[in-house]
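Novice: One structure coming up, written as structure tokens, with questions to follow.
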Amino acid sequence: MTKKLVLIVIDGLTPSMFESAETPALRFLADHGTYTRATSVFPSLTPVCSASIATGVHPDIHEIPHLVWWHRRQLRLVEYGSSFGAVRAAGLSRSIRDTVFEMNRSHLGARAETIYEALDDRGLVTGAINFICYRGRTRHLASLPGLPPVYAPRRFFYYSLFESDQTGAPIAVRSRATGSIDAYAAAVGRWLVTRDGFDFLVYYLPDYDFASHVEGPDAAHEALARADTAIATLMGAAGGWDEFLARYSVLLCSDHGQSHVDRIARLEVPGALVTASNRAAMVYTDDPRGAAETLDGAEGVETVVFLEDEAVVARRDGAEGLDVLDQYPDGLQRAHAALRNPNAGEVLVSAAPGWEFADLAGRHHLGGGSHGSLTAGDSLVPMLAVGLDRAPASLTEIKQVMLEHFGAGVAHAA
Ligand SMILES: [Zn+2]
């Protein structure tokens with residue numbers, strides 16, 4: 001009999017941090033599973049990665065390009081929350097609307113199908129807690145008046161703003177630094193497991209990434225311990241951890257890695273619009289080659305990619321050649337898919353090790369951690385499969401592995 005399935009996503013967790021973790025719930029799962037290091041997408045930023053996890057495709061199909069991007073049809077910036085300052089600079093209410101509603105309603109590509117849509121259509125009960133890519137088949141009303149409804153999984157919990165069931169969980173957004181969002185997920189998850197409330201659940205724990213941005217990669221041990229407690233709570237709701245694994249298969253991963261930041265650059269290209277955040281930037285320009293050449297030797301820039309006659313051109317320190325991309329995990333494939341995203345800039349910039357690009361408001365994570373580039377540190381993620389046939393090698397394989405688990409193996413879009 002096919003077990004029910006929980007996808008656990010610990011935002012920003014690096015493979016090395018997972019592999020050395022001594023926390024009990026993670027160790028228990030690792031002892032029962034198959035582990036590999038898998039590859040994220042580019043840019044390796046949460047909105048882009050979450051959409052790839054949920055849809056099984058690269059950004060050329062799901063169309064979420066970055067944390068901050070230019071909306072060509074609406075002639076405006078979209079900012080999903082690079083920092084509070086960047087959100088304010090882009091317009092607070094507009095940014096909240098984009099992040100909470102439009103990312104799923106109008107930005108997420110119509111050609112992409114989410115795992116919730118696929119499983120909902122097969123009659124399975126889907127659920128998601130706080131995962132930012134949520135498009136599904138069930139209409140939900142917000143807990144605050146005046147907000148539009150959303151279409152999401154059957155069991156849908158989103159930062160206390162949407163709650164398909166009354167679980168008694170505390171308010172999610174009280175204190176990021178002490179892990180209130182993961183604590184909210186734990187309370188909701190315990191409620192759902194106790195009631196056998198889903199066939200498939202995305203259990204998203206974002207507080208680790210928040211802490212790792214401040215403390216640096218592989219340093220946020222307290223935050224990891226709190227994520228571990230949230231997983232322990234979820235499993236304990238089954239009456240015991242062995243009982244949990246008797247009922248559920250588990251796929252545990254992160255969405256991207258993190259690397260250390262010790263230098264900040266402000267990226268500018270004369271005559272072009274630059275959208276920069278964390279360790280990736282995009283340039284919207286009529287002259288991609290000219291813009292790329294302008295960035296030769298620019299502070300913080302390692303590799304610049306653009307399309308010429310549909311083909312990828314990769315440029316580093318003024319030299320061109322696709323071998324530039326060989327140093328990165330799945331470098332060519334990820335760069336190509338990122339460039340073919342209709343919402344992406346014409347030129348994409350991957351930061352050099354140690355560098356971060358200041359965002360719209362000039363904010364950054366100097367002395368801490370960041371991600372977004374093509375480098376292995378930002379791009380490799382831990383991937384642990386428990387009770388599944390295989391561990392996906394890429395974020396874009398997760399959906400297919402989950403569909404295969406439910407016996408719903410459908411042709412994977414090329
Ligand atoms: Zn992050």
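The values are calculated or read from the model by the stated rules, or taken from the named source; none is laboratory data. None of the values given here were measured: they were computed from a predicted structure. When we count neighbours, we look across all protein chains shown, and the Cβ atoms used for this are built from the backbone with ideal geometry, even at glycine. Quick note on the areas: whole protein, heavy atoms, side chains included, nothing else; ligands and nucleic acids left out. Shrake-Rupley method; radii C 1.70, N 1.55, O 1.52, S 1.80 Å.
Novice: Just the residues that are open to solvent by less than 20 Å² (accessible area, probe 1.4 Å) and touching a His at 6+ places or on another chain (Cβ under 7 Å), please, taken from the stretch 260-276. So that I can check it myself, show each step before the final result.
Specialist: Applying the first criterion (open to solvent by less than 20 Å² (accessible area, probe 1.4 Å)) to the stretch 260-276 yields 261, 265, 269, 275-276.
Selection gives VAL261, THR275.
Novice: Scanning for something open to solvent by less than 20 Å² (accessible area, probe 1.4 Å), touching a residue at least 60 places away in the same chain (Cβ under 8 Å) and within 16 Å of the ligand (Cβ to nearest atom), does the stretch 246-254 turn up at least one residue? Even if it seems obvious, please write down each step before you answer.
Specialist: First pass over the stretch 246-254, keeping only residues open to solvent by less than 20 Å² (accessible area, probe 1.4 Å): 248-254.
So of that shortlist, the ones also touching a residue at least 60 places away in the same chain (Cβ under 8 Å) come out as 248-254.
Next, from what is left, pick out any that are within 16 Å of the ligand (Cβ to nearest atom): 253-254.
Taking every residue of the stretch 246-254 in turn, at least one turns out to be open to solvent by less than 20 Å² (accessible area, probe 1.4 Å), touching a residue at least 60 places away in the same chain (Cβ under 8 Å) and within 16 Å of the ligand (Cβ to nearest atom).
Novice: In addition: Inside the stretch 289-392, counting only strands (runs of 3 or more DSSP E) that do not spill past its ends, which hold 2 or more residues that are crowded, with 20+ Cβ neighbours inside 10 Å and more than 16 Å from the ligand (Cβ to nearest atom)?
Specialist: Qualifying strands (runs of 3 or more DSSP E): 301-308, 311-316, 347-351, 380-386.
Novice: Here's another thing I want to ask about it. Please go through the stretch 45-85 and give me each residue that is open to solvent by 10 Å² or more (accessible area, probe 1.4 Å) and among the hydroxyl-bearing types (Ser, Thr, Tyr), ordered by number.
Specialist: Step one: filter the stretch 45-85 for residues open to solvent by 10 Å² or more (accessible area, probe 1.4 Å), giving 46, 57-58, 60-61, 63, 67, 70-77, 80-84.
Passing the criteria: THR46, TYR80, SER82, SER83.
Novice: Let me ask something else. Answer with yes or no whether ALA211 is assigned by TED's automatic domain parsing to the domain that holds THR46, within 16 Å of the ligand (Cβ to nearest atom), aliphatic (A, V, I, L, M) and without any contact (Cβ under 8 Å) to a residue 40 or more places away in the chain.
Specialist: Considered against the rule, which asks whether it is assigned by TED's automatic domain parsing to the domain that holds THR46, within 16 Å of the ligand (Cβ to nearest atom), aliphatic (A, V, I, L, M) and without any contact (Cβ under 8 Å) to a residue 40 or more places away in the chain, ALA211 comes out as yes.
Novice: Of ARG190, ARG155, which residue is touching a residue at least 40 places away in the same chain (Cβ under 8 Å), over 27 Å from HIS58 (Cα atoms) and of a type in the set (D, E, K, R)?
Specialist: Result of the check over ARG190, ARG155: ARG190.
Novice: Taking THR233, is it surrounded by 17 or more Cβ atoms within 10 Å (Cβ to Cβ), part of a strand (DSSP E or B), away from the ligand (no atom under 16 Å from the Cβ) and of a type in the set (S, T, N, Q)?
Specialist: no
Novice: What is the one condition in (1) closer than 26 Å to ALA152 by Cβ; (2) open to solvent by less than 20 Å² (accessible area, probe 1.4 Å); (3) within 14 Å of the ligand (Cβ to nearest atom) that GLY257 does not satisfy?
Specialist: (1)
Novice: What number of residues within the stretch 67-93 satisfy the criterion of being outside any strand (DSSP E or B), within 16 Å of the chain's Cα centre (by Cα) and under 13 Å from ALA344 (Cα atoms)?
Specialist: Residues meeting the conditions: 1.
Novice: Where the second residue is in a strand (DSSP E or B) and among the polar types (S, T, N, Q) and the first is under 21 Å from ARG122 (Cα atoms) and lies in the stretch 135-150, which pairs have Cβ atoms under 7 Å and are six or more apart or on separate chains?
Specialist: GLY136/THR126
Novice: Something else now. When you look at SER180, is it open to solvent by less than 10 Å² (accessible area, probe 1.4 Å) and of a type in the set (S, T, N, Q), yes or no? Don't jump to the end; show me each part of the working.
Specialist: Values: open to solvent by less than 10 Å² (accessible area, probe 1.4 Å): yes; of a type in the set (S, T, N, Q): yes.
Judged against the criteria, SER180 is a match.
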